[in-house]
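One structure is given below, encoded as structure tokens.
What follows is calculated from the coordinates using simple rules that are stated; it is not laboratory data. Source: prediction; values computed, not measured. Note that we place each Cβ from the backbone using ideal geometry, even for glycine, and neighbour counts take in every protein chain shown.
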Amino acid sequence: MADFYAGIVMEEGPTIYQFDDVQVDLKNFKVFKAGRAVHLEPKAIKSLIFLIEHRGRLIEKSELLDAVWQDAFVTENAMTKVIAKLRKTLGDGIKEAKYIETVPTRGYRFIADVEVGKENVETGARAISLPHKALEGDSSLQIGGKLARLTRRVKRVGWRSLLACTLLIGLLISGYFWTRQSKVPVPAAPSATIKSVAVLPFKPLVAVSRDESLEIGIADSLITRLGGIKGIVVRPISAVRKYVDLEQDPVAAGRELSVESVLEGSIQKVDDRIRVTVRLLSVPDGKSLWAEKFDNDFTDIFTIQDRVAEQVARSLKLTLTGEEKKLLSKHNTDYTDAYQLYLKGRFTSSTHTEERTRKAIEYFNQAIETDPNYALAYAGLADAYYGLSELYLPPKEAMPKARAAAMKALEIDESLAEAHTSLALVKTFYEWDWSGAEREYQRAIELNPNYAMAHEWYGWHLALTGRHDESIAEVRRAQQIDPVSIDINWSLGVVFYFARQYDKAIKQLQTTLEMDSTHRLAHFHLGASFFQKGMYEEAVAEFEKEKLLAGGHLSAALGYTYGVTGRRDEAEEILRGLKERSKRHFVSSNSIALVYTGLGEKDLAFEWLEKAYQERSELMTWLKVDPRLDSLRSESRFTDLMRRVGLTPWNERAKGKNYSQLLAQAPPNNSMQRTRN
């Protein structure tokens with residue numbers, strides 16, 4: 001059958017396909033459902049016919065693009081949008097497809113039983129011109145129809161007119177492509193290749209109707225797309241999240257973020273319509289490099305993102321590999337409802353509180369219910385469960401759920417850097433699969449060199465295994481990508497602390513607290529660094545601040561410090577409090593073990609460390625590098641514990657040195673040892 005892609009359908013018998021209550025009328029190029037004609041754009045009908053004709057076979061995305069769109073330049077997103085509308089019109093299921101099955105990352109398969117009808121015609125084949133309405137708005141179909149009519153005219157007037165017809169065909173084709181190209185605004189070319197860009201949260205055109213999750217979410221989606229390009233540094237969403245003020249000067253924000261260009265946009269969603277205006281600005285001179293306006297159905301949001309990402313790459317004069325071009329137009333769902341739920345999940349989980357993290361899990365699960373093949377939603381779910389682990393849920397309850405979600409995300413899309421990072425966190429902090437975790441971190445960075453979180457957590461991984469120089473370099477790389485990230489600046493202080501470079505740790509953590517004085521863990525690690533310097537009053541002051549920011553919860557670090565400095569009664573009071581709290585809420589056994597360590601009660605410390613091991617406490621991964629545990633390192637029980645967690649005992653690196661030479665004496669009122677700076 002099948003040259004209907006050129007504007008006609010050659011029919012050799014079948015003129016109707018029927019499945020369930022759906023009829024596809026090839027003769028009139030129409031689709032009926034339950035006896036009523038349904039409105040579908042020509043590309044959707046062509047896609048449906050092509051899938052039906054190849055029913056039962058997997059049709060790769062590239063094959064469908066070639067068959068339906070031919071030489072027109074479109075992204076995969078245009079195709080997936082057509083398939084999504086087609087499914088919706090036909091009443092096809094999302095979870096359990098009845099007609100069109102999606103094969104994640106590959107393509108589609110038509111799976112319904114089809115009945116083929118024939119018309120009783122005299123000739124075995126005849127040409128059926130597409131209706132005029134079917135051609136409206138589709139210039140490729142119009143050209144195909146004109147070519148067919150010209151071919152028939154040639155047969156009537158004879159070959160003497162062939163040359164004239166050929167020239168006319170050439171003019172038609174040239175006019176078509178000139179028309180297409182004239183619709184594309186040509187971006188202003190920067191004088192030199194730009195190496196860095198920040199995408200700011202979009203702003204509402206009307207302040208009273210703002211939707212922050214959508215404003216930040218669109219920016220995050222564009223950051224993810226552009227982040228896969230190796231030739232440019234893209235500031236992550238954590239770096240730009242604070243620039244949500246309606247009066248924010250985009251060029252000033254670009255200077256603060258130390259980038260050469262900045263993308264800003266405004267957005268308004270009214271019912272099912274969305275209006276978007278975007279501008280790409282040069283930070284040094286404030287000049288516009290490219291600007292465009294969109295007024296589309298909200299279902300076209302993915303097409304808008306494709307267009308923006310493509311134009312930004314073109315405006316910045318970036319040379320893209322074939323794989324980078326694919327990533328630039330990639331999205332993870334065809335369903336705008338699922339996309340909005342995912343954006344709400346990411347926005348809600350950004351505050352890291354228990355209540356909001358649990359709410360984020362609800363959003364991610366709703367997104368997955370809407371689109372079971374939404375890999376990013378599974379990655380978000382994995383991160384949310386990891387966020388609950390140890391702080392609010394036992395690791396054995398939270399981490400298997402995090403692992404299952406990360407694995408499902410990778411099953412759907414192996415090229416997702418976020419999912420590899422999520423799985424790496426599980427392997428590091430729960431499974432203690434150090435080599436497996438390293439592979440996942442490296443794969444994430446390979447897929448997205450601009451993914452700051454992958455660099456940050458890989459730095460933690462290296463620190464916990466004692467590879468301190470590599471660790472510091474990796475977190476510094478994360479800091480280069482996202483210099484204003486509070487968490488990354490805190491992490492740099494932590495890896496200095498683990499490397500026992502306490503002066504650098506103190507300086508870096510104080511810098512972090514200048515950026516955000518409410519960062520609880522920065523106070524904690526600053527206190528720990530002060531303690532290792534023998535600055536006990538300063539340490540206690542920081543631990544008290546950390547306790548206050550934690551809602552007044554008992555502080556094991558404070559109990560440890562009291563034990564070491566001879567304030568035994570206060571340490572034991574905290575110990576009793578931790579045990580009492582553990583009856584109502586999860587309290588890591590590692591915390592109780594730490595207080596016993598400070599009190600010099602080694603047997604009890606090991607008893608609770610063994611319980612922490614059974615709990616698979618995240619803090620067991622600190623065994624190799626935590627200086628507070630130095631008084632236990634000479635014990636064979638400690639060596640055995642480290643080996644079971646998959647870590648090489650710290651003193652094995654001493655290569656024959658006497659262990660006592662590596663540690664200094666503790667304060668006179670405590671038997672434990674501590675390191676000097």
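Using Cα-Cα distances under 8 Å and only pairs 6 or more residues apart, what relative contact order does region 428-535 have, in percent?
On the way: 128 pairs, mean separation 19.1, N = 108.
Relative contact order for region 428-535 comes out at 18 percent.
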**Item:** Among 471-484, 46-59, the order from most to least packed when residues are scored by Cβ within 10 Å on average
**Value:** 471-484, 46-59
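Among HIS461, HIS331, which comes first, second and so on when ranked by fewest other beta-carbon atoms within 10 Å? Write down the numbers at each step before the final one.
Details: HIS461 24, HIS331 20.
Ranking HIS461, HIS331 by Cβ neighbours within 10 Å, fewest first, gives HIS331, HIS461.
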**Asked** Modelled label-to-label distance, HIS54 and SER288, 7 Å Cα→beta-carbon offset: nm?
**Response** 4.3 nm
**Stokes-Einstein D (µm²/s) once Rh is taken as the Kirkwood radius of region 332-441 over alpha-carbon pairs, at 10 °C in 1.306 mPa s** = 117 µm²/s
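List the pairs from LYS269/LYS293; LYS33/LYS330; LYS30/LYS326; LYS195/LYS287 whose alpha-carbon separation is above 22 Å, in the order I gave them. All intermediate terms of the calculation are to be shown ahead of the outcome.
Numbers: LYS269/LYS293 14 Å; LYS33/LYS330 32 Å; LYS30/LYS326 33 Å; LYS195/LYS287 17 Å.
Exceeds cut-off: LYS33/LYS330; LYS30/LYS326.
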**Fill in**
Length gained, SER435-ASP337, 0.36 nm per residue minus C-alpha separation, equals 31.4 nm
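Just need the relative contact order of region 351-428 here, percent rounded to a whole number, with Cα pairs under 8 Å and 6+ apart.
Values: 94 pairs, mean separation 23.1, N = 78.
Across region 351-428, relative contact order equals 30 percent.
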**Message:** Give me the one-decimal Kirkwood hydrodynamic radius in Å for region 450-546, with the sum taken over alpha-carbon pairs.
**Reply:** 13.0 Å
